[in-house]
1. Answer with yes or no whether D334 is touching a strand residue (DSSP E or B) at 6+ places or on another chain (Cβ under 9 Å), charged (D, E, K, R) and open to solvent by 50 Å² or more (accessible area, probe 1.4 Å).
2. Can you confirm whether L284 is hydrophobic (A, V, I, L, M, F, W, C), open to solvent by less than 40 Å² (accessible area, probe 1.4 Å) and farther than 13 Å from A118 by Cβ?
3. Determine, yes or no, whether A61 is under 23 Å from I327 (Cα atoms) and at pLDDT 95 or above.
4. Six or more apart or on different chains, Cβ under 6 Å: which pairs go from a residue in the range 215-227 that's in the same structural domain as L283 (by TED's automatic domain parsing) to one that's open to solvent by less than 20 Å² (accessible area, probe 1.4 Å) and in a helix (DSSP H, G or I)? Could you list them?
5. Look at the range 17-50 and say how many of its residues are crowded, with 16+ Cβ neighbours inside 10 Å and at pLDDT 95 or above.
6. Given (1) aliphatic (A, V, I, L, M); (2) outside the structural domain of V182 (by TED's automatic domain parsing); (3) not in a helix (DSSP H, G or I), where does L14 come up short, assuming only one miss?
7. Given the range 100-213, what helices (runs of 4 or more DSSP H) lie entirely inside it while holding 1 or more residues that are within 11 Å of the ligand (Cβ to nearest atom), open to solvent by 10 Å² or more (accessible area, probe 1.4 Å) and in contact (Cβ under 8 Å) with a residue 40 or more places away in the chain?
Amino acid sequence: MTLISRLDQRLRALDDASLTRRRRIVDTPCAPRLLLEGRPLLAFCSNDYLGLAAHPAVIDALREGAALYGAGSGASHLISGHSRAHQQLEERLAATQAASIPHARALSFATGYMANLAILTALGGEDDATLFCESLNHASLIDGARLARASVQVYPHADVAALAALLEASTANTKIVVTDSVFSMDGELAPLAALLALCERHGAWLVVDDAHGFGALGEHGHGALAQAGLVSTNLIYMGTLGKAAGVAGAFVAAHASVIAYLMQRARPYIYTTAAPPALAHALLTSLDIIEGDEGASRRAHLDGLIARFRCAVQVAPWTLGASASAIQPLIIGDNAAALRAAAALYQRGLWVPAIRPPTVAAGTARLRVTLSAAHTVDDVAQLVAALNTLERH
Ligand SMILES: *Cc1c(COP(=O)(O)O)cnc(C)c1O
């Protein structure tokens, strides 16, 4: 068999299992109403929870950032790519976690994927360390754990007792518990307070990936730690800036010594070009919105939409995830059935993604509805009406 035909055979196997993914071309900004391959659609797909991706003030700030700093950073942060805008952004981001993490500093990254690789490979860099990973963690945390020299133990979803037993039995010098705060395909919250209590008892780090919480949860949108009222130097926080913050990038916030260590040792931080400073400049405006009255009213509107959706959608024979967040999964089960449901919605002008393995466990393919403050009450009513009249087989 030739090299090419071996790959083609694997691609055919994916197709036979209804697992082929395809991209669709969007011709308009990220917003509920968009043009997809020339067709107007009402979308429930993005993680732009506050509707900031196409916010006029953020767009203006991006333009201003490009005028001030140019298009690219030209180098990594430790060479010459660390601009005034990056520095200002890191100071603002550190302040968002200062109530939860004593002596908090922040380090900015081009993506959340890189930030997670950085945390786990640097802190889990020695083979006397163990990473205790929640079973539903995001792929970037799984990949970070694979790349780390530390050994890896996976604990069952939200099972604090099982994690306690693993920590009890562990002889590792460095113990690192790793969890999503809001599970990205389920929308549920991790039991952060119980996890932190356990970590403090065992002298373990608690790494919290708040990709879906930063901007959307907590007072001033400061995220899951703020919402849960947690305070500890054991906390290592990762927030992303391409979701509720509407731009791109990510940050780690932690005790100053953790940040100093990452800056020296984290290869995914050191060996990559700094994100364009204009993005950092635009993010300063996103943060102004998130932390101000407008952010608060956007979060309140979003919470109202979530409540309406959960109240009005008919679920049977599917199941609706126990989610209070903007991520509302309708779990269908079969891959082909999930694809059929998404196709039927598409026929009615609605765009809701079907999520299949390996992103979710086999047999739990789903429609993943994400709501945004940019949606109107009427948008959600349209979605519910279409879902409730969908043929379900
Ligand atoms: C999106 C996401 C990431 C990756 O962040 P990017 O900035 O998109 O690379 C990490 N963790 C979780 C839970 C996510 O949902």
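The values are calculated or read from the model by the stated rules, or taken from the named source; none is laboratory data. This structure is a prediction, so every number in the text was calculated from the model and none was measured. Neighbour counts run over all protein chains shown; Cβ positions are idealised from the backbone, glycine included. When the accessible area is computed, the model is the full protein with side chains, heavy atoms only, and any ligands, DNA or RNA have been set aside. Shrake-Rupley method; radii C 1.70, N 1.55, O 1.52, S 1.80 Å.
1. Criteria met by D334.
2. The answer is yes for L284.
3. Against the criterion (under 23 Å from I327 (Cα atoms) and at pLDDT 95 or above), A61 does not qualify.
4. Correct list of pairs: G215/G221; G215/I290; L217/A224; G221/I290; G221/G295; H222/T96.
5. Summing the residues that are crowded, with 16+ Cβ neighbours inside 10 Å and at pLDDT 95 or above in the range 17-50 gives 15.
6. Of (1) aliphatic (A, V, I, L, M); (2) outside the structural domain of V182 (by TED's automatic domain parsing); (3) not in a helix (DSSP H, G or I), only one is false for L14: (3).
7. Correct list: 112-123, 139-147.
To keep it simple, each residue is scored yes or no on (1) free of Cβ contacts under 8 Å to residues at least 24 places away in the same chain; (2) within 15 Å of A278 (Cβ to Cβ).
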residue: D16; (1), (2): yes, no
residue: V26; (1), (2): yes, no
residue: C30; (1), (2): no, no
residue: F44; (1), (2): no, no
residue: L52; (1), (2): no, no
residue: G72; (1), (2): no, yes
